[in-house]
1. What ³J(HN,Hα) values, in whole Hz, does the Karplus curve 6.51 cos²θ - 1.76 cosθ + 1.60 give for segment 82-94 when θ = phi - 60°, with x put for Gly and Pro?
2. Return a single number: how many Lys pairs in segment 219-502, at a sequence separation of 8 or more or on separate chains, have alpha-carbon atoms below 23 angstrom apart.
3. Over the alpha carbons of segment 219-502, what is the largest minus smallest coordinate on each principal axis, giving the biggest first in Å?
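Bear in mind these aren't lab numbers, they're just calculated from the coordinates by the rules spelled out. Being a predicted model, the structure only gives us computed values, none of them experimental.
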Amino acid sequence: PNIPVLSFPCRELSHNQIEELPSFHRCQQLEELGLQHNKIQEIRADTFVQLMALRSMQVLDLSWNYIQFIHPEAFVTLHSLTKLDLTDNQLVTLPLDGLAGLTHLKLQGNPALSEPFTKESFPKMRVLEVPYAYQCCAYGSCSSFFRVSSQWEAEDMAPEEEDPHKRTLELFPGHTDNHYDLDADDLQLDLEESKLHPTIQCTPSPGPFKPCDHLFESWIIRLGVWVIVLVSVLCNGLVILAVFASPSYLSPVKFLVGSIAGANMLTGISCSMLALVDSLTYGHFARYGARWETGAGCRVTGFLSVLASQAAIFLLTLAAVQCSLSASCVRGYGKSPSLGKVKAAACCCLLLSSVAAVLPLFSIGEYGASPLCLPYPIPEGKPTTLGFTVALVMTNMLCFLTITGTYIRLYCNLLKGEFSAVWDCAMVKHVAWLIFTNCLLYCPVAFLTFSSTLNLFLITPEVIKSVFLVVLPLPACLNPLLYLLFNPHFRDDFRLLRQKGQDKGSFPQSCRADDMEKSSYDSTQALVNFSDIDHMCETPDSLGVRPMLDSYSFPSMTLIPCQQ
């Protein structure tokens, strides 16, 4: 329906059920129009054509609607429009024709509106609120340049209407204590210069977690991430090859170490995706930052990161528990848990890790809170992700406490002299090193999470970003190095792999003979029970058995457990 003749400068039509805008051709003195909280879905080209004669139209509020499309010429006739509010709509693009005179523009709450804006688009802009911080990069290169402001009415008075003396005191506060007046010509020049370069209040402001130029703002971080990627992918690949491709016996602990290496390799792959994005967007990350955060690539990166980190922690917990249970079972029943049971428990760990990684995809947590695609809290981030992060960190801390208590109990039993219950001291020692390094490197992440919960961010965002990029994935490259450099099993497995490759290429017949001989040897060795060794150690010294055992140097090889 048509709106009757109005003699008032304002028209408030908010909080209605308006789906299509009516005709405004009889609104003779309309200056402000409020249409917020309606159901408007489209702004056509002829919506404001009837207001062409109105030169006093200054404020247009279309916030909290369902606007999906605005015709490119919808605002062309509104020559006097200075304030436009389109908060919380469903815009994909914003037509710029007719908006050159805007001083205030609100676009927050339009997640699909990710296109960047330039200074030339809004030459008179003073207050700008956009969906993403990257859209503010065109108005300054440093986060300290921006002044945060969320007040729509803070800039109602034009610079020309302000009291000259008051504006002088605002621009030059240092002159309030002087006992002389400024020269009139100098004051006029300073005022004109301030009008030529107005301060733009653009929110949200860029920062370390919303960078304008580079995803990795430091070459130290960039090189560190690439080193982590290369070491984690290559070294974990070697560990997986040595564990699963070697013809040697695959013990339960060795299987878990290989599984942890697979999880660590996934961490390296997720870090490689971030490093690749940094390389492809080098120098102009602001153009692609919003699309990267909201795209599928960021969600895949976050999913792999959470899946890998949680799987590594759960599998490490299982390895510690398996070592302790194995020693207890050997003392009580003469055998350890079978490899099949350990594989089933590892599948459960992988399932739990998958559930934790999937939850942010269903709005329980968020991967797109920052371009790092991690569900961990960031300064000035959304509080909705904090509950998921705290639950995740508490679960990991519980796992580390379980690991620590389990291994303390195991070492206490070893101090009592119960060495016969441990079949493979090298793997037990390796798991202990994994526990130490992973617990130590996870402490900064837990500290940052609880500091965010208590609003105690005492360190700079740059340091927080460095911890997330370097310290958090660091166990993925340290874990395989510990196995490759200090575990004798890798040298034995690598030697067997090399010998297997040479025999397969040169002597296929002899290889089969050696395999048959080795299989016979392994079968014979598997018949040796630890109870027999204990019986031998309990014989009197007069028989000369114990001196003979002490003087005999056993070869460095993995003892095969006796399993029925």
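1. Per residue, the Karplus-derived 3J(HN,Hα) values read 10, 10, 9, 10, 10, 5, 6, 10, 10, 6, 10, 9, 10 Hz.
2. Count of close lysine pairs: 12.
3. Principal-axis extents of the Cα atoms in segment 219-502, largest first: 62, 48, 31 Å.
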